[in-house]
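Please treat every number below as a calculation from the coordinates, not as lab data. Model, not experiment: these values are computed from the prediction. Cβ coordinates were reconstructed from backbone atoms using ideal geometry, including for glycine residues, and neighbour counts include every protein chain displayed.
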Ligand code: AMP
Ligand code: MG
């Protein structure tokens with residue numbers, strides 16, 4: 001094991017009752033093939049499991065019986081009080097750069113990988129419990145999670161999924177009947193069941209690089225390749241690096257286009273699959289602001305909204321370093337390979353820009369323009385974002401309103417209305433931008449009607465995102481036992497592009513007084 005200094009004193013290992021019940025079809029490739037990269041350990045049972053939420057749609061995707069998951073037997077498995085057939089609970093080890101500082105040993109301090117399930121589309125997905133008790137990697141922590149953060153992760157994951165962003169998702173949330181002690185005092189405890197393409201992280205590669213044998217390094221890189229980038233030829237480690245860089249560039253471009261702030265882009269929170277993981281202090285922008293930071297633990301603003309692409313590139317440079325022993329075993333002789341790896345990291349920028357431009361162009365309807373000039377398009381995007389920042393316009397709502405502006409202004413049949421013009425202070429600057437945008441749109445083939453463009457814009461500009469004040473409202477009610485606001489919010493954000501009567505308050509920005517003082521908390 002690469003983590004022999006982890007202290008396992010007094011911990012349950014394989015002591016939880018095995019249950020019959022539903023067959024999940026568990027596989028345990030990680031626990032079996034990379035058994036040295038963590039510890040076989042069962043969850044720590046909780047006092048009184050109670051059901052909060054089961055994700056019906058995801059259960060169907062995974063071929064699981066949601067009725068059974070809701071049964072007392074199912075809830076016991078979701079709480080870690082019973083182990084499903086075929087599951088080999090495992091706490092994964094990893095390291096990580098946290099706020100730029102290297103932590104040589106982190107690992108699942110409050111999570112157990114239960115195993116892997118092949119979903120209906122043939123994809124291998126990890127099923128893990130989060131908040132499931134202490135492990136050898138808990139350090140000073142209690143191994144638990146509170147209802148609030150568990151539901152925040154559930155809601156944000158579902159919203160991101162519905163927005164088309166690769167993400168881990170929640171299959172279920174259960175209460176524990178126990179209190180967890182946090183700064184605020186005692187809070188109701190909960191366990192989240194998390195579904196992920198995998199939990200392979202940059203930080204895990206960093207631990208492997210530091211501690212594993214040559215054979216283990218190859219086994220780990222090979223596992224990453226087979227699991228996420230099977231198109232890369234075995235042994236082509238530069239190809240693997242490129243694949244991870246591209247997947248992350250695509251992901252971060254989506255975050256940036258939607259105004260999503262992750263909040264803790266430490267290397268242990270960056271996946272090798274390209275999925276968003278670990279919604280600690282994550283939040284969506286309200287008024288556009290590249291400097292926005294909501295996280296209570298990010299006083300320096302390292303992970304502010306506008307810094308996310310360069311931070312991702314920094315994290316990926318740490319990943320590239322983990323591949324060097326495989327790529328260039330003899331650094332003196334292999335200088336060219338090291339240069340090639342550096343070049344792959346530089347390619348992040350190019351891949352990010354291309355993906356970001358494509359996403360933003362679609363948000364402006366410019367994807368219909370034949371022979372679109374990338375400089376013109378990026379100029380329009382940057383100027384709009386700057387204007388939104390100055391006018392404190394809501395990121396999500398402003399983009400959603402652009403199709404209305406287009407409909408109102410469309411030469412034939414438009415009523416001349418301009419919903420954004422109604423909101424701004426400096427109307428002249430807005431109208432100048434608007435007219436340049438409409439001029440750029442005149443490059444659309446005449447057979448494409450403005451209504452078609454507006455409709456396609458509505459399919460990429462969400463009406464509903466999990467706005468911070470609505471998330472807080474839902475979590476506060478849930479802690480008092482009322483899940484109705486959580487269900488209502490989940491319902492809105494699960495169909496983000498379909499505006500529905502009665503849901504107006506889910507599309508409206510928070511009062512500025514809320515956003516100005518809004519702080520999110522991590523690791524709680
Ligand atoms: P996170 O901030 O959730 O990404 O966690 C960073 C590291 O701290 C991971 O190794 C977690 O397993 C660990 N950790 C966070 N909260 C707890 C907790 N309450 N008990 C034990 N370990 C924790
Ligand atoms: Mg984490």
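Pairing the Cα long axis of helix 335-363 with the longest principal axis of the chain, what angle in degrees results, from 0 to 90 and rounded to the nearest 10?
Orientation of helix 335-363: about 50 degrees from the principal axis.
7 Å from Cα along Cα→Cβ at both residue 1 and residue 499: what's the point-to-point distance in nm?
Output for this residue pair reads 5.7 nm.
Would you please give the FRET efficiency between residue 342 and residue 183, computed as 1/(1 + (r/R0)^6) with r the Cβ-Cβ distance and R0 = 56 Å, to the nearest 0.05?
Numbers: r = 42 Å, r/R0 = 0.75.
My answer for the efficiency is 0.85.
Treating the chain as a set of equal point scatterers at the Cα positions, no solvent, please give the Debye-formula log₁₀ I(q)/I(0) at q = 0.09 Å⁻¹.
So the normalised log intensities work out to -0.67.
Length gain on complete extension for the stretch residue 442 to residue 71, per 0.36 nm per residue less the alpha carbon to alpha carbon distance?
Values: separation 371, 0.36 × 371 = 133.56 nm, distance 5.80 nm.
Using 0.36 nm per residue and subtracting the Cα-Cα distance, I get 127.8 nm.
So if each residue of separation counts as 0.36 nm, and I subtract the Cα-Cα distance between residue 27 and residue 427, what length gain in nm does that give? Before the final figure, lay out each step's value.
Values: separation 400, 0.36 × 400 = 144.00 nm, distance 5.99 nm.
Roughly 138.0 nm would be gained on extension.
Just subtract the alpha-carbon distance of residue 310 and residue 124 from 0.36 nm times their residue separation and send over the number in nm, one decimal. The partial results should precede the final answer.
Details: separation 186, 0.36 × 186 = 66.96 nm, distance 3.04 nm.
Stretched out fully, the residue 310 to residue 124 stretch lengthens by 63.9 nm.
Where does helix 395-409 land angle-wise versus the long Cα axis of the chain, in degrees 0 to 90, nearest 10?
It is inclined by approximately 30 degrees.
Along the Cα→Cβ direction, 7 angstrom out, place labels at residue 353 and residue 101. What is the inter-label distance in nm?
Result: 3.6 nm between the two label points.
Expressed as an acute angle from 0 to 90° and rounded to the nearest 10, what is the orientation of the C-alpha long axis of helix 484-494 relative to the principal long axis of the chain?
70 degrees
Rank by packing, highest mean first: peptides 41-47, 192-198, with packing defined as the count of other Cβ atoms within 10 Å averaged across residues. Don't skip to the end; give the middle numbers.
Details: 41-47: 21.6, 192-198: 24.7.
Peptide ranking by packing, descending: 192-198, 41-47.
Suppose R0 equals 30 Å; then what is the FRET efficiency for residue 451 and residue 376 from their Cβ-Cβ distance, rounded to the nearest 0.05?
Numbers: r = 24 Å, r/R0 = 0.79.
Approximately 0.80, to the nearest 0.05.
Any idea how far the Cα center of segment 136-188 sits from the one of segment 441-473, in Å?
Between the Cα centres of segment 136-188 and segment 441-473 lies a distance of 31 Å.
Could you tell me the center-to-center distance, by alpha carbons, between segment 335-351 and segment 202-228 in angstrom?
The two parts, judged by their Cα centres, are 20 Å apart.
Restricting to Cα pairs below 8 Å that are 6+ residues apart, what does the relative contact order work out to for segment 1-133? Please round to a whole percent. Intermediate values should be presented prior to the final figure.
Values: 243 pairs, mean separation 39.1, N = 133.
So the answer I get is 29 percent.
Beta carbons within 10 angstrom, averaged per residue: use that to sort the peptides 287-298, 87-98, 474-485, highest first.
Highest to lowest by the protection proxy: 87-98, 287-298, 474-485.
What whole-number distance in Å separates the alpha-carbon centres of segment 484-524 and segment 230-254?
34 Å
In percent, how large is the relative contact order of the chain, given Cα pairs closer than 8 Å and 6 or more residues apart? Walk me through the intermediate numbers first.
Details: 1013 pairs, mean separation 69.9, N = 524.
It rounds to 13 percent for the chain.
At 7 Å along Cα-to-Cβ for each site, give me the label-to-label distance between residue 48 and residue 482 in nm.
For the pair residue 48/residue 482, the computed spacing is 2.2 nm.
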